[in-house]
Structure formats: structure tokens, C-alpha cells
């Protein structure tokens, strides 16, 4: 099918950049790794405090970090289209017969590949620090985070292409990801938050993903939290991909 | 190869709508090398971007390489090559990678893409540069790479936006030669925009002059110059007044002026008027010291049509 082969070609060109700059993957991981090392130990000492969710500190914190990595990494994916617009690469590729959907999906694929590699390293690092969790749940947790990262990447590309100028992208995307992150409970469990903050967080789809991640890391493969988080993630993927495809189909800068 | 009718494009800007192209008709035959000449902002690039499917026309229709622009943009994309003014290669990608990926984007299988890349590199003298990142190329080399990128799928039509803007004279001449070769060897139809008079003059079979979104004149560079102001003839003679009288009787001669020993006048075609002039002067027993024919430049043409020089913005 042409969409698949076109997506593969766009993926190949995008991943080429990463392969030639392997350091970029490590630098992208630095932030969550720093959280793991410099913030995680504080959090683990909170385990057992009244209101703290079930499980060890690491079982609470590592799933949150996965979501944080998706937000900080794939949420910033739009930065990678800006140079392509400058150099005329984006325009050159738009004159080729490649499917417009593939222009989005191939780029999303590249982000997902990088994210998956980072997520695996992050979980393994978590194990070194003392994370103990059911393997099946962890694998499903990583898969859910991968899906979330694909939705965030598609949304980020759309924002980058739709903003009237490129200088807006950094402040807009930073603000959005920070808002999504703070209201997700990824850093500190929302169980510790006052009611109004929890109500706000409930409106943030990412908070439901974090809930599902934590349930999965406890081995609760079938639970209301897992179910809701999965449905929210699938809905996010559908909406963001559609929005992205619409963006790549229209004329843009 | 390209047929457009009443092609128009309006942009909605915060300051109100801007009519960038206001109804352009084009008829370009297979194998023609046609130049779109006009000042910056005349609508050249907008027209090109419509014909290459990058912009949707707000009005009008066009058929490019046999495919309707609106109904079958993918068909158009398959059959055309497009080289934007600034090129379009990733600065840190190796030349070889960019060429091969571009060929694969047009559906060539990997092995064929590699051989096509090598073939084009040979043609454009890029073989020794294949492993370099494109950022390491000189301006002329990068422009040759841009052309090669536009040709990986052997398109029927090649669109070039300001192909030699910013190049040194040597690289420009080199590029012109390659564009001519392209047409001669592959029969590629070439449609280019330029705001350089010499480029339109030296390179193109036919020039379309565009100003403020409309085509104001078209023809071969020679036709255009002839139809507008004709040629200027300057002769010097000790009997200037008598010479001026003879010159004034030539068919189509006008604006005859005498300054000291020099007589200056305009005729539609100086090269064919000259033999008659010399014969008549001889019969009138007027002796000449010198005679010169000046062809008008395309800038004279543009000035006559619009009242402005091409260089002005």
C-alpha cells in the first residue's frame, strides 16, 4: 500500500538525522534521567505517607516519568519541522508525489522510535534504582506511553505548522507541555492535591494516562483506571493524528 | 505542456486581500524554454507555486504535463520537477543521501535510486562531493545539486524559480549551459522565473513579461524588443542635416534628432533598414563617417510597457 511505503520513506529520511547524531537521543533523555536521580529519591521517602498511592515510590514515580518523557520529548517534536521549513526541504518534499498523510506519519514514526528507545532505557535505569514491578504491566505501560507520544508528536507538528510564525512555537509549546505536565500528577501524585486542583487535573486527558500507567505498573492490567486511561489515549491518538493529517494536507508556510 | 486559463490567486492578509496574480493565460509547448520576467512582487513565484501544486488557485484552471491541476495534483507532481529559489536540501545531509532519498520519493526502488543519483552526480559534476554534507558545497555546486534533485525522476517539465539568483558570473554561465543541455539532450520543457534581463535574453526561447499579477507582453526576446521601441540607429556625418532628411524617409523611422554631426533615429528593425539607408545615402551623395545599430534591452521593453524600470521595486 502506498501510504505504508511512503510513510516508511519519510520515516527513513527523518531517522537518518537521528542516526547521524546519536548524541541527540542521550541529551533528550538527560532531563528525565536527572529527575530519576535527583528527584526520585525524595519522592520514594514519601511512600507510606497518608494519601500516597499504593506501591513503592518507584512504582509511582517511574510511570509518571514515562509520561513526562513523552511530554518533554514528543511534545517538542514540532522543533524538528522548523529547520525543514527554513531550508526549503519541507516545500521540496511537498512537490513530490508522497502521500500527505505519510508526511505526518513518517515524522511521527521517527519520534515514536526515539521515544521507545528512551522509554526502555528509563525503565531499566529505574530497575537499577530499585523499581520492582510486574513485567507484563510494565510492558503495557511502555506501550501506552508510546501511543501517547505519537499523539503528542502529531499535535506538536500541527502547532508548529499552524502558528503564524516560528518564534511563537517555543513559548506556546513550553506553556502547553508544562500545563499538561503539572495537571497530570506525573511529578507528585494528585492524591496529595486539594480538591480544586484535582478537579482541574481530571479535565486534563494526560492525568488519566498517568493513572493508567501507575495501575499497570502495579500489575492491574484490567481495572477501571487502566480502562479509562487506555480509552483516553486511543481517543487522543485518533484526534491528534486526524488533526495532523489535516494540517499536512493544507497549504502552510 | 502547460496550459493555464485565467489563473488567479488572492491572499488574505491582515491589511486586506492582495491580488497577487490576476488572471494569467499560458500556453507552453513541449520542449520550450520559457522565462517569466518581472520585478520582485510581480506574481512570478506565486504563479509558479500554483503550477507546482504548492498553492491552490483562487480562480482559473491549468493543465500541466497532461494532468489537471485541481483534479489530479498528484499526477502533476509525478510529472514535474521543481527547484525553489533557495533550493531544498538538508544542510547536514550528505549529497548522496539527499539524491537517493529524493529518487525514492518519486517511487524508484533503492538500487535504481542509487544508480540515478550516481548518473545525475556525473552529469552535474558532483561525483567527488557525494559524501559531503550539502552545507559544505559552494553556491554554484549547491545550485547544481538543486537542479539534480529536481531531475531524479526525469520530469517532462522542470520549474526553476530564479535559478541563478546570487551566483557569481562564472557559475551563472555554467548553469545556463546545463539548462540548455537539459533541453537539448532530454527534451525537457523548462519554465523559469527571473528578474535578470540577461538571463531572460540569453537563455529563453520565449519571455513572458509579468507586472502586478498580469502578463503584459510575450514573445522571443528579439520580438519583444522589436515590437516595443524598435532599434536605435546612430550615424555620424559631416552633412548631418542631409543625412537626417534621408533617414526620415525610411519606412517606420521616427524620433529623428540631430546633434552636431550625429543623427539618431528609431526604426522597427535596424538590421534590415541599414542596407536601404546606405543605398539612399549613397544616391543622395551623403558621406558617412560611422553608423551603429543599438538593439533595445528587455529593460527598455519593460519601461515602455509599465513606465518603470525592472530594477525598481
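Bear in mind that the values in this text are calculations on the coordinates, not laboratory data. In this text the structure is predicted, and so the values were computed from the model without any measurement. Every residue, glycine among them, receives a Cβ derived from its backbone with ideal geometry; neighbour counts consider all protein chains shown.
Points worth noting:
- Residues residue B:205 and residue B:132, FRET efficiency given R0 of 35 Å [Cβ-Cβ distance, rounded to 0.05]: 0.50
- Pairwise label distance in nanometres, residue B:282 with residue B:111, each label 7 Å out on the Cα-Cβ vector: 7.2
- For residues of B:86-92, the mean tally of beta carbons on other chains within 10 Å: 6
- Modelled label positions at residue A:39 and residue B:74, each set 7 Å beyond Cα in the direction of Cβ, lie 4.5 nm from each other.
- With Cα atoms, 0 to 90° folded angle of helix A:57-73 axis to chain A main axis: 20
- Applying 1/(1 + (r/R0)^6) with R0 = 30 Å to the Cβ-Cβ distance of residue B:254 and residue B:40 gives a FRET efficiency near 0.35.
- Adding -39500 (n - 2.57) for every DSSP H run of four residues or longer, then dividing by how many residues chain B holds, sets the calculated 222 nm ellipticity at -11000 deg cm²/dmol.
- Between helix A:135-162 and chain A: long-axis angle, C-alpha atoms, 0 to 90°, nearest 10: 40
- Maximal additional length on extending the residue B:304-residue B:220 stretch stands at 28.6 nm, based on 0.36 nm per residue less the C-alpha distance.
- The protein assembly as shown: antiparallel DSSP beta bridges as a percent of all, rounded to 5: 70
- Rounded to the nearest 10 degrees, the angle from helix A:205-217 to the longest Cα principal axis of chain A is 60 degrees.
- Counting, for every residue in A:132-140, the Cβ atoms of other protein chains within 10 Å of its Cβ and taking the mean gives 0.
- Taken along the Cα-to-beta-carbon direction at a fixed 7 Å, the label points for residue A:79 and residue B:170 span 4.1 nm.
- Estimated FRET transfer efficiency (residue A:234, residue B:294; beta-carbon r; R0 60 Å; 0.05): 0.20
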